[in-house]
Each structure stands twice: as C-alpha cells, then as structure tokens.
Amino acid sequence: MLKFSIIVPIYKVEDCIHQCVDSILSQNFDDYELLLVDDGSPDRCPAICDEYAEKDKHVKVIHKPNGGASDARNVGIKEAVGEYLVFIDSDDYWDRTDVLEKMNDVFVSTKADVIQYGFKNYFDIDNKIVPSYRAKLASYNGSSTRDILTTLVETGSLKIAAWAMSISRKFIVENNIYFVKGKKTEDLEWAIHLYTHEPKWAFIDKSFYVYRTQRAGSVTANIDYNHLCDYCWMLEKSLEHINKCDEQVKNPLMSYLMYQMLIASALVYKVNLSKKQRKEIVSRIKAICKGNVTKYTLNKKVKLASYVYRVGGYSLMARALGFYLNNRNH
C-alpha cells in the first residue's frame, strides 16, 4: 500500500495547473500517487494531465464528465489506494519540497486520523503572499476529538477546508464521509460530518499550502442566491450531524456552526437578492440561529453577536453583521 494518495480535481486551470502539479512532483518523499481527476475540463487541461502521466510514474489521470469539485474528489477517494488522503485544489500549490515527509513523520509518531496544517493566502492580482494566522498546536499531537475540539474553536483554529488537512482513507471509507455532489460550500458539511466521528488529531505548525484567492474585499464577488441556498443547506445538514453528538462534542461544533451562521447572515445583506429571496434565506438562517446563538458561544465573535441578539433579536444582529461586512475594508 502506498502512503499517500493526493487528489487534485482539475477544471479550467490551464494557466496554473503546472505550478500545482510541479509542486507535488518535486517532493522528496517518494511513496505516493497523484490522482489528477479531470472533471470534464473544456480547455487543454485533459491533455496536460495525460502528458504528466506519460512522464511521471506517480501520476494517474481520471477523465470524467463534469460534476463539480465534490464529485471529482469522491471519484478520487474511491480510486485511491494510499493509506492517507491529501486534497489540493488545482489552482493552489505547496511552497516546500518536504511536505509529504513531514506528514509521514507525524502520522508515524502519532497514529492520528487527521493532520491539520497552516496555509498562506496568495492574492493573484497583487502577486502577494500573506500568511494566515495560526495558533501553535503541535503540542496537542495525538489528542482525541473530545480533548482538542474546544481549544480549536476558542482559538479560531478549527479548519473545514479539505485542502487544510490530510486524513486516513480507512477512516473516511469506514464512516462513509464523502462530499455532497452539486453543492457549493461543500467542505462545511463534509468537515462537520468528519469531526462528529471523533478522529484522533495531529498538527503541523508550518504553513506550506499556498491558497490562491481574490483581491481582498472581493470575497462575495461570485456569491448569489443559489450559493446562499447551498450555504443554508450545508448549515442545516451540519446541524443534523451535530445533534447526534453528546454535549462534549456538540458544544464546540455548535459554536463553530454559529460562526458560520453569522457569515451567512452577513452575506444576506451583502448579496443582491430580491425581497422574496431574502425573506426565504433569512427564514432558514433564523431557524438555525434560534435557541443556539445565545447558548453556544465558545467562538469570540459568536459571543459578541449573541449580546446583540439578546438586545434586538435576529434582525438587528444580521443588519449589524451586514454593515460590518460592507465596511470592514473601508
């Protein structure tokens, strides 16, 4: 069995696919496979993937009809043979050659199910790389979910992005933790589902993943009504997962979900919606918020928002959040 299966969904990234793939193939650890999942890309990406497969023994290409990133990841998981899964988005890359070596060392020493690691934001237009905040967590390596989850939420260190962690393939398959096809914001429900199964944790305090993002301030540029509907669905489905847990796991996960609820609430007043659409979305978010935002407040921002909620209810809280989102970069 190989040690790692690295899964990269490919779709319309011919301008940056080489940087991504080359950063993986330059690793000094050899025990891995690289699964390039061509998700029906209409550009040169399919041919580029095939070229890599011809040149390098690590590369395996899967061509499939377009189904979205979630579907591509699921196909990759089912084809993978490695002991651990690593996800990379095709427009991102690693900036070190010892990434897999470090992951292997941590897995061997801790027998963890999940390793989380840091990342850097790359603003493409500005050609600028900015490290993200990350608490030092390696001292918690080998912790159970029950021992570490509250600390992660309180320090703002709980990650939901699949590309921010490496996971035991056995743990994923045995617990049936796959991505929901056809939904945006798919990582939220997937990660919450993962954490409710209480994996054993480890951390790498180094930041080697470079996440390509838009210019600061344009985070909502591609968000619309359909995106918000998917966001609500993810919140609702995550709530179902969390409600099956006992209080020791439920408390921190609900606190994190309330943080995500705040983001959705703010976006309602940032995104251009019709009156009917806004009413529908607000109704769904309010149902998630009610009885929870004042109870689960491990996250500092949720605790602050809960004070506003107590004073003026959901409407005042959501409008205050929308005002903040609209003016934070001014």
For the chain, what is the mean residue ellipticity at 222 nm derived from helices alone (per DSSP H run of n ≥ 4: -39500 (n - 2.57); sum divided by total residues; nearest 500 deg cm²/dmol)?
-15000 deg cm²/dmol
Highest-fluctuation residue, Ser143, Ser23, Ser109 considered, GNM on the chain with Cα pairs under 10 Å:
Ser109
Return the subset of Lys200/Lys250; Lys78/Lys170; Lys275/Lys295; Lys184/Lys290 for which the Cα-Cα distance in this structure is over 19 Å, preserving the input order.
Lys275/Lys295; Lys184/Lys290
Any residue on another chain or 5+ positions along whose placed amide H is under 5 Å from the amide H of Phe87 is listed here as Ile7, Met165
Give the cross-link partners of Lys57 among the lysines, using a straight C-alpha distance below 17 Å as the criterion and excluding same-chain residues fewer than 8 apart.
Lys3
Who wins for biggest fluctuation among Cys232, Cys289, Cys16 in a Gaussian network model of the chain, springs between alpha carbons below 10 Å?
Cys16
Under the rule a/c < 1.5 gives rounded, and otherwise a/b versus b/c splits prolate from oblate, where does the stretch 68-215 land using the Cα gyration tensor?
rounded
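Per residue, how much accessible area does the stretch 95-177 show when a 1.4 Å probe rolls over the protein heavy atoms, in square angstrom?
On the way: 3710 Å² over 83 residues.
Heavy-atom accessible area per residue stands at 45 Å².
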In the chain, with Lys and Arg counted as +1 and Asp and Glu as -1 at Cβ, which of these residues, Met1, Asn127, Ile288, has the Cα nearest the positive end of the dipole, that is, farthest along it?
Ile288
Nothing charged except the Cβ atoms of Lys and Arg (+1) and of Asp and Glu (-1): what's the magnitude of the dipole of the stretch 6-153 about its Cα centre? Round to the nearest 20 debye.
620
Starting from the Cα of Lys206, draw a straight line to each of the lysines and keep only those under 18 Å, dropping any in the same chain fewer than 8 residues away.
Lys102, Lys120, Lys136, Lys159
Considering the chain as a Gaussian network with a 10 Å cut-off on Cα pairs, which listed residue, Leu149, Leu228, Leu304, attains the greatest mean-square fluctuation?
Leu304
³J(HN,Hα) across the stretch 133-146 via Karplus (A = 6.51, B = -1.76, C = 1.60, θ = phi - 60°), whole Hz, x for Gly/Pro?
5, 8, 5, 7, 10, 4, 5, 8, 4, x, 6, 7, 4, 5
In the neighbourhood of Phe171 defined by beta carbon distances under 12 Å, the net charge of the other residues (Lys, Arg +1; Asp, Glu -1) is 0
Pop out the carbon and sulfur fraction of the accessible area of the stretch 148-206 as a percent, whole number, probe 1.4 Å.
45
Which order do the peptides 65-71, 310-316, 190-196 come out in when sorted by mean C-beta neighbours inside 10 angstrom, highest first?
190-196, 65-71, 310-316
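First check a/c for the stretch 180-281, with a ≥ b ≥ c the square roots of the eigenvalues of its C-alpha gyration tensor; if it is under 1.5, answer rounded, and if not, answer prolate when a/b is larger than b/c or oblate otherwise.
Judged from the Cα gyration tensor, the stretch 180-281 comes out oblate (a/c at least 1.5, b/c at or above a/b).
The values are calculated or read from the model by the stated rules, or taken from the named source; none is laboratory data. Just so we're clear, the structure is a prediction, and the values are computed from it rather than from any experiment. Note: ideal-geometry Cβ built from the backbone for every residue, glycine included; neighbour counts use all protein chains shown. The area values use the complete protein model at the heavy-atom level, side chains included, leaving out ligands, DNA and RNA. Shrake-Rupley method; radii C 1.70, N 1.55, O 1.52, S 1.80 Å.
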